[in-house]
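The values are calculated or read from the model by the stated rules, or taken from the named source; none is laboratory data. These numbers were taken from a predicted model, which means no experiment stands behind them. Ideal geometry is used to build each Cβ from the backbone, glycine not excepted, and the neighbour counts take in all protein chains shown.
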Amino acid sequence: MLSVENLRVVYHDVISILNGVSFKAPGGEISVIIGANGAGKTTLLRAISGMLDLYDGDVIEGDIKVGDSSILGLDSTDIIRKYGLTYVMEDRPVFWYLTIEENLAAAAYSRWDGAVKMDMEKVFGYFPVLRNLRSQKAGYTSGGEQQMLAIGMSLMTRPKIILFDEPSLGLAPLITEELFRIIQQLNREGMTIVLVEQNAHAALGIGHRGCVLENGRVVLEGSAEALLENEDVREFYLGAGAKQRRSYQDAKRYKRRKRWL
Amino acid sequence: MVDLIQTLGAGLLIGIVYGLLGLGIVVIFRASEAFNFAIGEFLVIGSFLFYIFFFDLHLPFFLALPLGLVASGAAGALIERLSIKPLLGRSALSMTIITLGLASMLRASVQLIFGAHSYSFFLELPDLSLELGNLLFPSERVWAGLLSIIAFGFILFFLFRTRWGVAIRATSESQSKAMAFGIDARFILLMVWALSAMSIAVAGVMISNFGALSYMTGIAGLRAIPVVLIGGMDSIGGALIGGLIVGLCEALVGSYIEPLGLVGFKDVAPYLLLLIVLFIRPYGLFGTVRIERV
């Protein structure tokens with residue numbers, strides 16, 4: 001189980017992005033985080049996976065725990081090796097100038113066991129299309145293939161917890177559906193998954209629980225079904241609900257309510 | 001005609017050594033986009049470390065060379081830890097500037113430790129002189145070309161066939177992506193500097209063997225600048241081709257243009273060539289064609 005307690009993060013010592021985020025991802029479940037651009041979703045994932053240093057960000061308050069041990073202050077290499085927590089960055093984090101096979105080998109760098117070849121076969125089992133492209137440079141493959149490769153690369157690190165940052169970014173609905181099916185399958189095989197998404201409807205569809213992040217705070221959380229039914233989520237993130245233009249007063253009502261949540 | 005072939009051969013042999021120097025720049029540039037201006041000092045330090053093992057401790061050549069290289073690699077790694085590592089995440093320009101300061105400091109240190117005089121540097125290697133009719137390639141030049149091409153091969157093998165090589169190339173492309181997948185980018189940078197120091201040291205030993213070794217031998221390291229700019233800053237194959245081009249250019253100018261009264265022109269010629277190449281191909285002959293998705 002992954003838990004984040006009252007996390008505050010600033011960039012360059014002045015830009016405050018997370019203002020006390022608390023959130024739990026119970027083991028074996030898919031937890032969905034939704035939120036608008038700039039809400040702090042990516043920063044949250046960076047903080048969890050130990051990548052903040054690289055972006056000149058600092059955790060100034062709060063704690064991040066896997067199980068009972070704090071992973072705050074460890075760098076990404078240690079977090080992957082000791083806690084099996086892997087972060088799949090947004091926008092298809094594959095190495096363009098390496099072949100598909102080299103990409104998978106590079107992601108297995110932190111491991112020293114002899115099962116790398118076997119795991120590669122397993123990845124090709126999940127994504128058969130990658131097998132035929134194995135000696136092609138990743139930069140020349142399609143967006144969907146790149147995202148599949150990125151997921152495959154994360155599997156090469158033998159993760160117990162995977163953080164996905166907008167896997168559906170810029171992909172066709174059909175491809176997105178397939179990726180989400182794979183993510184669901186991984187979850188059934190016992191992996192804990194944290195899924196950050198703009199595509200709130202699809203993400204909540206496969207998730208067990210979810211939370212809404214706004215201005216660096218969690219403003220709503222609950223089971224995925226409850227969020228899908230929630231009036232505010234429906235209106236602001238699912239684009240459903242009231243069709244007619246809302247008055248300014250109603251927006252204020254929402255804001256005021258949010259503050260108390 | 002014999003003259004021409006002699007000149008071309010000599011140019012190619014020295015060109016391989018220059019290619020190795022260029023490689024030392026290219027691996028660092030690929031990994032961190034910084035240009036290592038301290039290359040001349042790396043060259044001198046590598047040569048002196050080899051000098052200690054071979055001439056002071058009287059070890060056999062094929063033992064002294066690997067030991068000298070390991071020592072140079074360690075020196076490169078140490079220098080990286082002290083001067084470059086604190087800059088991780090900063091702009092590549094600040095690393096480049098650091099190497100300028102590093103160059104002065106290392107040059108002064110070498111002068112302080114080893115003195116300003118020249119050390120005679122003569123490797124008694126088996127005679128490999130090539131004599132074909134009127135052609136003559138002296139033994140030390142043939143050795144230089146041979147050992148450099150072997151070193152080049154080793155480095156290529158390391159970069160393209162080992163797990164560290166894959167990790168180095170991955171990190172070269174993107175530090176953040178590499179770190180997200182558990183590759184320790186800081187350690188990779190250390191390894192790259194060690195690798196670069198070793199390749200420069202091989203070239204340094206060979207260059208010192210042409211004459212003597214002193215702290216000023218490092219000037220030969222500046223040859224690497226036209227080499228990598230002609231070949232392309234981020235191309236490994238380009239370093240070799242660039243080295244050969246610079247070697248040929250130097251040899252041709254040395255035997256055909258300098259006798260016309262332009263003494264010293266062969267040191268300038270590669271830069272003129274460089275200008276022409278940059279006019280036509282700003283990224284160098286083999287600079288990466290960026291992958292564009294359409």
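Please return the ranges of strands (runs of 3 or more DSSP E) entirely within segment A:14-107 where 3 or more residues are more than 11 Å from chain B (Cβ to nearest Cβ) and of a type in the set (D, E, K, R).
On the way: elements: A:15-25, A:30-35, A:57-66, A:85-88.
Where strands (runs of 3 or more DSSP E) fall fully within segment A:14-107 and carry at least 3 residues being more than 11 Å from chain B (Cβ to nearest Cβ) and of a type in the set (D, E, K, R), they are A:57-66.
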Inside segment A:138-176, the number of residues satisfying the requirement of being over 30 Å from A:A47 (Cβ atoms) and within 13 Å of chain B (Cβ to nearest Cβ) is 3
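Which helices (runs of 4 or more DSSP H) does segment B:103-187 wholly contain that include 1 or more residues that are among the aliphatic types (A, V, I, L, M) and within 11 Å of chain A (Cβ to nearest Cβ)?
Numbers: elements: B:139-161, B:163-173, B:175-180.
Correct list: B:163-173, B:175-180.
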Answer yes or no: is there a residue in segment B:210-218 that is surrounded by 24 or more Cβ atoms within 10 Å (Cβ to Cβ), within 14 Å of chain A (Cβ to nearest Cβ) and farther than 23 Å from B:L125 by Cβ. no
Those residues that are touching a Phe, Trp or Tyr at 6+ places or on another chain (Cβ under 7 Å), surrounded by fewer than 24 Cβ atoms within 10 Å (Cβ to Cβ) and more than 14 Å from chain A (Cβ to nearest Cβ), I need them from segment B:188-209; list them, please. B:N209
So B:A34 ticks every box in (1) over 13 Å from the mean Cα position of the chain (by Cα); (2) buried (at least 23 other Cβ atoms within 10 Å of the Cβ); (3) not in a helix (DSSP H, G or I) but one. Which box is left unticked? (2)
Residue count for segment B:55-82, restricted to those that are closer than 13 Å to B:G204 by Cβ and among the hydrophobic types (A, V, I, L, M, F, W, C): 4
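A quick yes/no check of all residues on (1) more than 18 Å from A:L163 (Cα to Cα); (2) surrounded by fewer than 21 Cβ atoms within 10 Å (Cβ to Cβ); (3) modelled with pLDDT of 90 or more:
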position	(1), (2), (3)
A:E5	no, yes, yes
A:D13	yes, yes, no
A:S22	no, yes, yes
A:E29	no, yes, yes
A:G35	no, no, no
Do we find a residue being within 14 Å of another protein chain (Cβ to nearest Cβ) and without any contact (Cβ under 8 Å) to a residue 12 or more places away in the chain anywhere in segment A:122-137? no
How many residues of segment A:108-121 are among the charged types (D, E, K, R) and away from chain B (no Cβ under 14 Å)? The answer is 1
Give me the residue from segment B:267-285 that is surrounded by fewer than 18 Cβ atoms within 10 Å (Cβ to Cβ) and under 21 Å from B:A10 (Cα atoms) and, out of that set, farthest from the chain's Cα centre (by Cα). B:L272
